[in-house]
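Note sheet for the following structure.
The values are calculated or read from the model by the stated rules, or taken from the named source; none is laboratory data. Treat the numbers as computed from the prediction; the structure is a model and nothing was measured. Using ideal geometry, Cβ is built from the backbone for each residue, glycine included, and neighbour counts are taken over all protein chains shown. These accessible areas exclude ligands, DNA and RNA; they are computed on the full protein's heavy atoms, side chains included. Shrake-Rupley method; radii C 1.70, N 1.55, O 1.52, S 1.80 Å.
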Amino acid sequence: MRLAPYLFAAAAIVPATASAVDVVFDYRYDSAGFFDADKRAVLDQVASLFSTNLTDTLLAIQSAGSNRFNAQFFDPLDPMSSEIEQISNFSVAGDEIRIFVGSTQFAGNILAVGGPGAYSAQGSQAFLNTVEARGQAGALAAEPSDFAPWGGIVSFSSTVNWYADTDVTTLESFGGRFDLYTVAVHETAHVLGFGTSDSWTALLQGLVFTGELATQVNEGSAVGIANDGSEAHLAASLRGIANGVEQSPLLAPQIAAGQRKYMTDLDWAVLSDIGWEVASLQATVPLAAIPEPASWAMLTGGLLLLAGMTRSRRA
Ligand SMILES: [Ca+2]
Ligand SMILES: [Ca+2]
Ligand SMILES: [Zn+2]
């Protein structure tokens with residue numbers, strides 16, 4: 001079921017808060033203790049990257065009285081099972097995007113999975129609109145042009161040999177290990193709707209992403225998506241710019257051991273096209289050598305199932 005594009009009477013009485021999103025990684029499911037201090041320091045830097053460069057104002061979701069919001073998501077400790085975790089009467093602050101993180105032993109060559117959460121909700125129409133769109137009117141359109149999730153999950157492989165860089169402004173050699181920073185940025189983009197939202201799907205034509213800014217950044221050439229069955233990634237053959245250097249998009253489906261990748265202007269342009277206010281297409285960390293891999297090694301995947309659950313589960 002889709003909502004008609006309602007006007008936001010409620011938005012006018014909600015005071016404006018900070019001028020950027022606030023990505024919050026939540027460790028409450030990390031009973032295995034995967035996230036030691038170094039790994040948390042990596043995620044802090046990931047949160048900072050998106051929180052600094054995305055300037056949307058997102059309304060708070062406040063469960064109170066008859067307005068009830070239940071966050072639903074795959075278990076960060078077992079994301080491939082069909083079991084759904086629920087936090088009843090949940091709330092997120094204005095601008096906050098809450099991401100539950102965990103680790104698991106994946107079958108096959110999967111480094112991590114990530115995607116936006118689902119929900120059920122009851123209450124006033126204004127409340128239901130806020131839960132779905134958080135003040136982003138385009139998220140309520142019949143053909144959505146925006147996306148504003150409460151958050152979601154990211155789950156990392158517990159068996160991979162990770163490199164946790166506590167200072168991503170410098171690049172060291174870490175051959176044989178996989179870069180937690182790169183993979184966490186990739187999966188966080190999936191939580192934000194890259195490859196997983198209706199506003200992404202609305203811009204797909206076959207294996208081409210037709211977003212205006214991404215096409216412009218790609219110098220007018222069609223922005224191909226990866227033919228990996230997920231319809232959630234850019235083609236690895238594309239080239240964007242990060243730190244003034246050409247690089248395969250960070251949201252290509254694969255990464256090699258020993259490789260750090262950055263958000264390119266093409267990756268940011270896609271986020272802009274699906275509805276985010278992107279401050280800079282060049283946002284990244286200071287210049288470092290960007291090696292191109294001789295061969296791709298392992299997969300990262302988007303949790304596409306979560307994206308479709310929101311509407312059918314609304315009470
Ligand atoms: Ca470093
Ligand atoms: Ca937006
Ligand atoms: Zn992915």
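Here are 281, 234, 238, 271: which of them is at pLDDT 85 or above, more than 18 Å from the chain's Cα centre (by Cα) and within 22 Å of residue 197 (Cβ to Cβ)?
238
Hey, can you tell me all the residues within the range 33-45 that are small (Gly, Ala, Ser) and surrounded by 13 or more Cβ atoms within 10 Å (Cβ to Cβ)?
Listed by number, the list holds a single entry, 41.
Of all residues in the range 169-179 being surrounded by fewer than 23 Cβ atoms within 10 Å (Cβ to Cβ) and touching a residue at least 12 places away in the same chain (Cβ under 8 Å), which is nearest to ligand 1 (Cβ to nearest atom)?
Taking the candidates together, the pick is 170.
Those residues that are away from ligand 2 (no atom under 16 Å from the Cβ), open to solvent by 10 Å² or more (accessible area, probe 1.4 Å) and hydroxyl-bearing (Ser, Thr, Tyr), I need them from the range 104-148; list them, please.
104, 120, 124 - these are the residues of the range 104-148 that are away from ligand 2 (no atom under 16 Å from the Cβ), open to solvent by 10 Å² or more (accessible area, probe 1.4 Å) and hydroxyl-bearing (Ser, Thr, Tyr).
Go through the range 149-168 and give me each residue that's surrounded by 18 or more Cβ atoms within 10 Å (Cβ to Cβ) and assigned to a loop (DSSP other than H, G, I, E, B).
Within the range 149-168, 149, 150, 160, 164, 165, 168 qualify.
Those residues that are in a helix (DSSP H, G or I) and either open to solvent by 10 Å² or more (accessible area, probe 1.4 Å) or over 30 Å from residue 38 (Cα atoms) (or both), I need them from the range 182-229; list them, please.
We begin by selecting, within the range 182-229, every residue in a helix (DSSP H, G or I); these are 182-191, 198-201, 212-217.
Correct list: 198, 199, 200, 201, 212, 213, 214, 215, 216, 217.
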